[in-house]
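Below you'll find the structure, written out as structure tokens, and then a few comments.
The values are calculated or read from the model by the stated rules, or taken from the named source; none is laboratory data. Here the structure is a predicted model, which is why all the values come from computation and not from measurement. For neighbour counting, all protein chains shown are included, and Cβ atoms are generated from backbone atoms with ideal geometry for every residue, glycine included. For accessibility, only protein heavy atoms count, side chains too; no ligands or nucleic acids. Shrake-Rupley method; radii C 1.70, N 1.55, O 1.52, S 1.80 Å.
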Amino acid sequence: VQLQASGGGLVQAGGSLRLSCAASGRTFSSGYTVGWFRQAPGMEREFVAAIRWGTAYYADSVKGRFTIFRDNTNNTVLLQMNSLKPEDTAVYYCAAGIVGNSEVEYWGKGTQVTVSS
């Protein structure tokens, strides 16, 4: 299984970005939890959002600003990030087979998101 993340970049505070994670090698059912984590410089990797059976879960820090959704036709999970803040700056990793908010079966390579103030 390979997870390919894309969509990161540089944006001003208050702006938006959409991250995409395309899976290959396996078709993920709606009951298979997929989502996103992030890691800021000098910090531990942290949970951002996940989705399973159409139900989304978010870290408190991104609730109301980020939206996770799936494109099952293309075996892709997306993260729409609005009202971005400088503290959202991090490398974002897509993940599949999430248990709780820390155990992950598959990791994708990260994509850098930088929010300037």
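If you go through the stretch 95-111 and keep only what is closer than 18 Å to G8 by Cβ and either open to solvent by 20 Å² or more (accessible area, probe 1.4 Å) or touching a Leu at 6+ places or on another chain (Cβ under 7 Å) (or both), you end up with W107, G108, K109, G110, T111.
In the set (1) farther than 15 Å from L3 by Cα; (2) touching a residue at least 40 places away in the same chain (Cβ under 8 Å); (3) under 15 Å from the mean Cα position of the chain (by Cα), V104 fails one condition alone, (1). Applying the condition of being in contact with a Gly (Cβ under 9 Å, 6 or more places away or on another chain) and in a loop (DSSP other than H, G, I, E, B) to the stretch 1-56 and asking which residue is modelled with the highest pLDDT yields G8.
Flag set for Y92, criterion: touching a Gly at 6+ places or on another chain (Cβ under 7 Å), of a type in the set (F, W, Y) and either open to solvent by less than 60 Å² (accessible area, probe 1.4 Å) or without any contact (Cβ under 8 Å) to a residue 12 or more places away in the chain (or both).
Being surrounded by 14 or more Cβ atoms within 10 Å (Cβ to Cβ) and without any contact (Cβ under 8 Å) to a residue 40 or more places away in the chain, is that true of even one residue in the stretch 71-82?
Of the residues in the stretch 71-82, the ones surrounded by 14 or more Cβ atoms within 10 Å (Cβ to Cβ) are 75-82.
Subsequent filtering for residues that are without any contact (Cβ under 8 Å) to a residue 40 or more places away in the chain retains none.
No, the stretch 71-82 contains no residue that is surrounded by 14 or more Cβ atoms within 10 Å (Cβ to Cβ) and without any contact (Cβ under 8 Å) to a residue 40 or more places away in the chain.
When V115, V91 are checked against the criterion of being modelled with pLDDT of 95 or more, in contact with an Asp or Glu (Cβ under 9 Å, 6 or more places away or on another chain) and closer than 17 Å to G8 by Cβ, V115 stands alone in meeting it. Could you tell me which numbered condition V11 fails, if it satisfies all but one of (1) within 19 Å of M81 (Cβ to Cβ); (2) open to solvent by 60 Å² or more (accessible area, probe 1.4 Å)? Exception for V11: condition (2). Considering S61, S30, S24, which residue is hydroxyl-bearing (S, T, Y) and under 17 Å from Q2 (Cβ atoms)? Unique residue meeting the criteria: S24. With respect to the conditions (1) out of contact with any strand residue (DSSP E or B) (no Cβ under 7 Å at 6 or more places or on another chain); (2) surrounded by 19 or more Cβ atoms within 10 Å (Cβ to Cβ), T33 lacks only one, and its number is (1).
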